[in-house]
Amino acid sequence: MNKKLTWVHVSDFHFGKNGFDQEFTTKKMLDHISEQAGNGRKPDLIFVTGDIANSGKAEEFKLFTANFVTPLTDILGIDYLDRIFIIPGNHDLNRDVNDGFSKEKFSKADADYFHPTVKSSGKRKMLLDRFEAFSAEIPVDCVKEFAGEAGSFAITRALSGRDVGIVGVNTAWLCDGDADKASLTPGIQITRAALEKVAHADVKFVLGHHPLDWLHPQHVAPLQAMFADHRVIYLHGHMHTEGVTQSISGSGEYISIQAGAAWQAPEGGKWKNGLVWGELDFSATSYISLQPFHWSFDNQCWTLDGTRFHESRRRGDRWIFDAPNGKSNAKIDYNPRKKSPALIGWDIKDLQLLESCTGPLGQEEAISYFDGSTPTWNIALSESVPRREIVSKVAGTFSAGAALPLVCAVIGAGCEGKSTALLQASLEILRARPTKKLIWRTNHTRALVPAELIDTLKLHDDWLVVIDEADQVAKDVLRFIDSDYDGYEGKIDFILASRDSDWRSSGASDLAWTFKARYKEITLKDLGSSDAEIIVAAWEQYGSRGLGEELSNLPKSERAEKLRFYAKKEAKGNSDAFFGALLMCRHGGDLLDHAESMLNKLAAVQLENGKSLKDVLGYIAAMHSEGFTKLTFSALAAILEMSIVRLQSDVIRRLGKEAAATSTSTTVFTRHKYIAAAIVEVLETKFNEDISRYFIELAVSEVKRARTEQVLDLAFWRYEISEQLFASGKARLATDITQNLLEADESNYYLLTKLASFYRRQGGAREALLLFRGFAGKPKHRGFYFEWGVCEGNERNLSENALLAIYALSDDAEDASLTVENARMYLSGLAICCDKLYVAFADPLFNESAGAVYSLLSLVWGGTRPGSQKSSDGLDSFLQDVKKNRRRLYGRSASIGTIANMIRSLALYGVSTEVLQSVNVNSLSFQYLDRIVSNVESVRAG
């Protein structure tokens with residue numbers, strides 16, 4: 001067990017004050033963290049205690065995200081986004097908003113402005129509005145909690161074998177820049193409620209911006225008593241220098257640790273920029289060690305600087321303080337301990353923590369979820385969200401006395417409610433077995449590597465492993481079970497969720513689950529009457545906005561039945577029926593308005609490469625609207641010029657919260673095909689967007705990416721996407737995509753052939769000939785020459801048509817053999833051309849050649865062509881004439897010889913110079929054709 005918890009504490013960035021120097025200092029700070037992580041000292045937590053911005057402007061928070069949060073997750077991993085905790089400071093608010101509030105009124109000890117209730121949150125809205133940019137622009141989930149009724153965040157993480165509670169409070173509610181000291185408060189009741197949520201934790205951090213002596217005198221004593229009672233480690237900033245204060249109050253003690261400023265002045269000046277590393281030792285002698293670093297202008301590096309700490313506290317390169325556990329003057333053990341790997345990509349929860357998530361949802365959060373936003377634990381477990389029948393069905397499969405582990409797979413169509421049911425069932429399972437703990441995969445793309453989990457699993461004897469989008473790790477789960485958990489001796493059950501199509505296509509449904517486990521597969525489908533009633537009842541709690549216009553106008557007794565009506569109607573489409581019904585009920589009449597509102601909001605969120613989240617949703621919706629399933633994380637990350645880590649943290653999470661997009665373990669979609677269609681329509685009609693650009697840019701991006709890395713779906717982006725679009729009636733779009741791809745890869749004769757085919761099929765054979773005749777290469781590809789010949793024939797260049805078709809059949813056209821399918825196609829085309837040549841020039845050789853070609857065509861069809869195989873050639877008529885002795889049926893060798901002789905006759909009627917320069921027909925051989933026909937004859941004879 002790892003007995004130490006490590007963190008980095010930074011504060012007071014003041015982004016927006018000095019762009020160049022702040023970016024430089026922040027980069028050096030990240031380089032320092034990266035170096036430490038590379039040396040085995042990867043922080044478990046990152047704490048940022050306010051003053052991120054200089055004046056609370058949105059662009060200042062974007063600078064913070066771009067320069068600190070995003071690169072930090074690039075260094076430590078996307079999962080670290082859940083380990084970054086941020087609170088606001090006095091510079092993180094817009095002081096021009098609601099500047100007429102009364103500090104005296106809000107800070108009265110008996111006032112009800114800072115209760116953790118819906119009513120109270122409404123009363124402090126004028127304060128909250130000043131922090132709007134802070135809440136909106138920082139891509140860390142915890143900051144959103146300040147805008148809710150809780151007014152703070154309280155989160156528990158399982159780290160180093162301990163439950164670590166992190167509470168974030170806002171000490172800057174009442175800041176206005178005028179005599180702030182001794183007039184502030186984070187809210188007594190808000191802070192108390194937050195601490196109670198983490199009361200079970202082994203260690204508790206509270207993050208605030210100001211030292212406690214900056215709070216209103218009436219508020220200091222009760223907060224000190226709470227901190228001492230919970231043995232709090234209070235981390236703050238504001239004073240721009242480091243400091244530590246240990247305090248005894250009430251029934252216990254707490255410690256305050258003050259970080260200096262991450263940036264307060266340009267390098268080389270009097271004031272120093274820095275950060276603090278902290279470490280909590282969980283051994284019997286429990287202590288905290290600190291390492292304050294300052295940037296040295298002279299040495300151009302980070303240097304240890306503990307001048308603000310007393311020398312008596314120094315032990316080597318660290319300053320040591322007793323942890324707030326009631327013990328003092330404890331002996332410090334300096335023996336090195338082996339550091340266990342951090343648990344990345346997974347989170348641990350117990351029943352108490354899950355129960356803390358069951359409170360009611362605020363209206364905005366509830367409406368967002370009802371509209372399809374991605375469910376979190378706090379949302380799914382809320383009493384405001386109904387429990388469908390599948391929840392009890394899943395929970396009921398877990399029996400306490402069973403010897404074998406249980407694997408329960410919850411499968412269903414996309415957006416049917418699987419994720420919500422998965423989380424809700426987890427709570428019910430733990431309620432039935434309170435000593436059980438669950439370990440939850442926080443990132444859908446993270447692999448299951450037992451070696452990374454085993455040390456954590458050994459800390460407890462009864463686990464529930466919860467994995468959403470589990471199709472890609474199903475085999476790993478089974479291997480872990482079959483290996484007897486790599487020596488772990490406790491109990492482990494699994495609850496997995498996946499789209500049914502992905503579960504089956506990955507082979508997960510057919511695995512040998514029952515060799516060492518019990519396996520139960522439960523499908524979520526159809527909307528029963530009881531489910532419909534509780535869903536509508538949940539919507540009704542939020543009035544007309546919860547119900548949507550259509551249901552609001554119906555009698556209460558008919559609402560659930562109308563929802564079921566839409567669900568049955570949508571079920572005929574065989575996918576996404578539940579969410580489709582939800583959309584039709586709630587937004588059937590205003591889905592376009594809903595999409596436009598969503599796009600307007602996303603258009604305001606700019607990414608570094610000049611695109612906005614509106615553009616991102618355009619790519620996703622365009623693909624989904626056509627039914628394409630190839631928009632992977634890699635493809636989207638490439639077009640946005642960002643890493644997959646940043647795509648997930650900065651883009652996918654935000655789109656999920658806006659109910660705009662979702663993802664499987666590999667692919668990104670909109671929440672529903674109706675949303676995709678509405679977004680495409682609004683982009684075209686309201687934003688004047690050419691939807692074709694989304695397909696073109698994606699396809700070109702993937703083809704370019706393939707030059708430097710493996711692209712699994714390259715054939716789709718190069719060829720299949722355009723062919724499928726052409727087949728669906730979008731010929732212009734298919735042609736534009738292929739034309740752009742060819743411009744990016746001019747030597748690709750496959751693309752040239754496809755583009756020529758599109759031109760020809762749209763009546764543009766002349767444009768196709770310009771491509772073929774202008775191509776400098778001589779590719780070894782039968783399809784290239786046959787398509788060229790067809791295009792020549794469409795322009796009535798019959799000699800060229802026949803010559804190219806014959807060449808396509810020859811051994812010289814391609815090193816690989818003909819296939820039976822190619823032989824049938826090429827012979828059919830050549831036969832039609834021979835008939836036309838005979839009509840055009842009345843040369844008996846062309847009639848004989850037609851007979852030879854039809855004879856071969858008959859042989860490769862094994863006699864008479866099946867009626868289901870329609871063709872415009874004259875094979876059927878030829879065979880009838882043979883029966884009537886009007887025409888001759890040639891043998892294999894004679895047919896091939898006649899076709900070879902035809903080449904000399906074609907020269908008599910003129911062949912274009914471009915064709916003659918591209919194909920050498922002087923000594924063609926047809927061994928592949930001979931072998932194919934011979935093989936078919938043998939099969940027929942056998």
> Within the stretch 905-930, how many residues are among the hydroxyl-bearing types (Ser, Thr, Tyr) and closer than 17 Å to TYR826 by Cα?
Replying inline: 2
> Looking at the stretch 699-709, is at least one residue buried (at least 22 other Cβ atoms within 10 Å of the Cβ) and at pLDDT 90 or above?
Replying inline: yes
> Going by the conditions given, is GLY789 touching a residue at least 24 places away in the same chain (Cβ under 8 Å), assigned by TED's automatic domain parsing to the domain that holds ALA813 and over 17 Å from THR913 (Cβ atoms)?
Replying inline: no
> How many residues does the stretch 493-515 hold that are more than 13 Å from SER665 (Cβ to Cβ) and surrounded by fewer than 21 Cβ atoms within 10 Å (Cβ to Cβ)?
Replying inline: 8
>> Condition first: buried (at least 20 other Cβ atoms within 10 Å of the Cβ) and either within 15 Å of PHE24 (Cβ to Cβ) or in contact with a helix residue (DSSP H, G or I) (Cβ under 9 Å, 6 or more places away or on another chain) (or both). Now tell me which residues in the stretch 262-289 satisfy that.
In response: ALA262, TRP263, GLN264, LYS272, ASN273, GLY274, LEU275, TRP277
>> Need pairs with beta-carbon distance below 6 Å; first residue more than 12 Å from LEU613 (Cβ to Cβ) and in contact (Cβ under 8 Å) with a residue 60 or more places away in the chain and within the stretch 640-661, second of a type in the set (A, V, I, L, M) and assigned to a helix (DSSP H, G or I); sequence gap 6+ or separate chains.
In response: ILE644/ALA637; VAL645/ILE78; GLN648/ILE78; SER649/ILE78; SER649/LEU81
> Residues in the stretch 873-892 that are within 15 Å of ARG824 (Cβ to Cβ) and more than 60 Å from the chain's Cα centre (by Cα): how many?
Replying inline: 0
> Identify, please: which residue in the stretch 893-930 is closer than 26 Å to VAL860 by Cβ and in a loop (DSSP other than H, G, I, E, B) and is, among those, farthest from the chain's Cα centre (by Cα)?
Replying inline: SER923
> Is it the case that THR662 is assigned to a loop (DSSP other than H, G, I, E, B) and closer than 27 Å to ALA571 by Cα?
Replying inline: no
>> Whether any residue in the stretch 149-166 is at positive phi, surrounded by fewer than 21 Cβ atoms within 10 Å (Cβ to Cβ), over 28 Å from the mean Cα position of the chain (by Cα) and not polar (S, T, N, Q) is what I want to check.
In response: yes
> Can you tell me how many residues in the stretch 193-233 are closer than 16 Å to PHE153 by Cβ and of a type in the set (Lys, Arg)?
Replying inline: 2
> If GLU196 passes every condition in (1) crowded, with 23+ Cβ neighbours inside 10 Å; (2) within 19 Å of SER382 (Cβ to Cβ) but one, which one does it miss?
Replying inline: (1)
> Tell me, which residue of the stretch 366-389 that is touching a residue at least 60 places away in the same chain (Cβ under 8 Å) and more than 26 Å from the chain's Cα centre (by Cα) is surrounded by the fewest Cβ atoms within 10 Å (Cβ to Cβ)?
Replying inline: GLU389
> Tally time: how many residues in the stretch 287-311 are part of a loop (DSSP other than H, G, I, E, B) and closer than 18 Å to LEU235 by Cα?
Replying inline: 3
> GLY618 fails exactly one of the following numbered conditions: (1) within 22 Å of the chain's Cα centre (by Cα); (2) without any contact (Cβ under 8 Å) to a residue 24 or more places away in the chain. What is the number of that condition?
Replying inline: (2)
> In the stretch 703-729, which residues are in contact (Cβ under 8 Å) with a residue 40 or more places away in the chain, assigned to a helix (DSSP H, G or I) and over 24 Å from the mean Cα position of the chain (by Cα)?
Replying inline: GLN724, LEU725
> Hey, among THR735, THR685, which residue is of a type in the set (Ser, Thr, Tyr) and either touching a residue at least 40 places away in the same chain (Cβ under 8 Å) or surrounded by 15 or more Cβ atoms within 10 Å (Cβ to Cβ) (or both)?
Replying inline: THR735
> Within the group LEU770, LEU741, which residue is under 40 Å from the mean Cα position of the chain (by Cα) and among the aliphatic types (A, V, I, L, M)?
Replying inline: LEU741
>> Quick check on LEU636: is it surrounded by 22 or more Cβ atoms within 10 Å (Cβ to Cβ), within 11 Å of the chain's Cα centre (by Cα), at pLDDT 90 or above and not acidic (Asp, Glu)?
In response: yes
> Any idea which of ASP322, ASP347 is at pLDDT 85 or above, of a type in the set (D, E, K, R) and either buried (at least 20 other Cβ atoms within 10 Å of the Cβ) or closer than 30 Å to ARG654 by Cα (or both)?
Replying inline: ASP347
> Out of all the residues in the stretch 544-557, which are surrounded by fewer than 17 Cβ atoms within 10 Å (Cβ to Cβ) and either modelled with pLDDT under 90 or touching a Pro at 6+ places or on another chain (Cβ under 7 Å) (or both)?
Replying inline: SER544, ARG545, GLU549, SER552, ASN553
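The values are calculated or read from the model by the stated rules, or taken from the named source; none is laboratory data. Nothing here was measured: the structure is a model prediction, and the numbers come from that model. Glycine also receives a Cβ, built like all others from the backbone with ideal geometry; neighbour counts cover every protein chain displayed.
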